[in-house]
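Some notes on the structure that comes next.
The values are calculated or read from the model by the stated rules, or taken from the named source; none is laboratory data. Just so it is clear, the structure is predicted and the values come from calculations on it, not from any experiment. All Cβ positions, glycine included, derive from the backbone under ideal geometry; neighbour counts span all protein chains shown. Just the protein is used for accessible areas: all its heavy atoms, side chains included, with ligands, DNA and RNA removed. Shrake-Rupley method; radii C 1.70, N 1.55, O 1.52, S 1.80 Å.
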Amino acid sequence: MKGTICILEKRLLQYSAATTGLLAAFSSGLNLGWTSPYLPTLLSEASPITMTADQSYWVVTSYLLSGLCGSILLSIVGRKIGRKTILLWSSVPFCTAWTVIAFASTLPILLIGRIIIGLAQGLVFATLPMYLSEISDKEIRGFLCSLISVFLFLGAMVINVIGTYMTIKISSLICLIIPVLQFVTFFWMPESPNYLLMKGKREEARQALIALKGSDEADRSLDVIVEVIEENRLNKTGFISIFEKNNRSKLVTLLGLRVAQQFCGVIAFNIFAQTIFQESADSISPLLGTVILYTVQIVFSVLSSLSVDKLGRRPLLIVSAIGTICVLLAGGAFFFIRDVIKADTSHVSFAPALILILFTFCYSLGLQTMPNFMAAELYPTNLKPYACTIGDVMFYSFSAIVSQYFQFTKDNYGLFVPFWTFAVCSIIGLVIIVKFMPETKNKTLEDIQKELSSK
């Protein structure tokens, strides 16, 4: 018991830095779930902003396009500006965006707010895994990085709840509190020691390590990190190095992770969750179903976060991928039987809701959390901004493709088509993960680089 308390005290700053930094992920979650309660309002006759159904599509997807730009921006500034600095000042566009959305009276103004918040989200999602992985001990690195998804979907659930009872203006002003709180609290947290050493600031890095891990661990960690960074500096790495032979297996791993994570259809299922719950007739209300969905995501993401440093990345990812494939195949079969064969399925009208909840359960075991931070574990310090940018470009590009594909095939062919297509894509992602992805459990970032370099 005393040993556990000592460890917690030793890692107190690591947990504090992670929690305050993760408020940026919470802000992103508020944005992610914003359209669920407010899109029906915007399309109603009582809408404060007049728009057509076609125009509403841009309200849904505009943040994905600007998020893509935010991720690309990181590849430009990621090696020049510190991880902490980027996360700290991301609160400014978040504040700006929520203010714009609160007082928007026309569609263009609303879209400007959504675009600004997407830009901030793109920067946050590419930077946060780097920061968390570089400040944390190997025993808790997977846990802290997995919390990115937990905070994201916690924010999405909160906006779904408050959005049901509050106007756009009031809820946006409430959301404004989170980035302000993030700036005030995260301001006092240390910069990433790895980044400081990459910039040649050895003494500042040593002080950051002492604050994060204690004086005994600081000097040992400092020497190891310096050795790896110097080795990478001698190789004169740049963006093109991502595609060189010794990094190709990492890139393929990154591709497989994002294919399995996004082409399973998760973004479409989240955006169109209420539509799918409506397929369940009166078995469950769309609002209740959406709340249940986010609750399942949060609960099992937390369980996955607590398990990832004990069970490992690969086992959880493989089990998660196999589970989603099985659910997608079963879901496609149900919709094929109902819509093509025209069999009577009234006695199992709850099936669409059950399918979506089971999918969310399987997805939350690994695919929801781990692909978001594996680039920060697999690549050396000087290549992380580029790797995280590529990973996030894949995320936003694949998300846009999936949401468009789902809507088109659902309207023109039936739900069984996207379900089976997503199952095939998930199988491809699973094969890549099994073949290429290394296990990084309980290994320091420096040990991972040495192991991958030797291979």
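A few points about this structure:
- Residue-normalised accessible area of the stretch 23-110, expressed per residue, 1.4 Å probe, Å²: 39
- Protein heavy-atom surface of the stretch 84-153, 1.4 angstrom probe: 79% of the accessible area is carbon and sulfur, with nucleic acids and ligands not counted.
- Average projection area in nm² (convex hull over Cα atoms of the stretch 93-163, one quarter of hull surface): 5.5
- On a per residue basis, the stretch 325-455 carries 38 Å² of accessible surface, using protein heavy atoms and a 1.4 Å probe.
- Modelled label positions at residue 248 and residue 92, each set 7 Å beyond Cα in the direction of Cβ, lie 4.3 nm from each other.
- Separation of the stretch 105-125 from the stretch 381-455 is 25 Å, based on Cα centroids.
- Filter on 250/310; 199/450; 213/245; 84/245 - keep pairs with C-alpha separation over 27 Å: 213/245; 84/245
- At least 20 Å along the helix axis (C-alpha) and Kyte average at least -1.0, DSSP helices within the chain: 53-77, 107-135, 141-165, 215-234, 248-262, 286-311, 313-339, 384-412, 416-436
- Taken along the Cα-to-beta-carbon direction at a fixed 7 Å, the label points for residue 73 and residue 16 span 2.9 nm.
- By the helix-only formula, in which each DSSP H run with n ≥ 4 contributes -39500 (n - 2.57) and the sum is divided by residues, the chain has a 222 nm mean residue ellipticity of -25000 deg cm²/dmol.
- The Cβ shell under 11 Å around residue 131 holds other residues with a net charge of +1, Lys and Arg each +1, Asp and Glu each -1.
- Average projection, convex hull of the Cα set of the chain: 21.8 square nanometres.
- Only protein atoms count toward the accessible area here, which uses a 1.4 Å probe; on the stretch 336-455, the carbon and sulfur part of that area reaches 67 percent.
- Signed unit charges on C-beta, dipole axis of the chain, positive-most listed residue 14, 81, 163: 81
- Of 98, 188, the order by accessible heavy-atom surface (1.4 Å probe, DNA, RNA and ligands excluded), from most exposed downward, is 188, 98.
- With contacts taken as Cα pairs under 8 Å at a separation of at least 6 residues, the chain carries a relative contact order of 23 percent.
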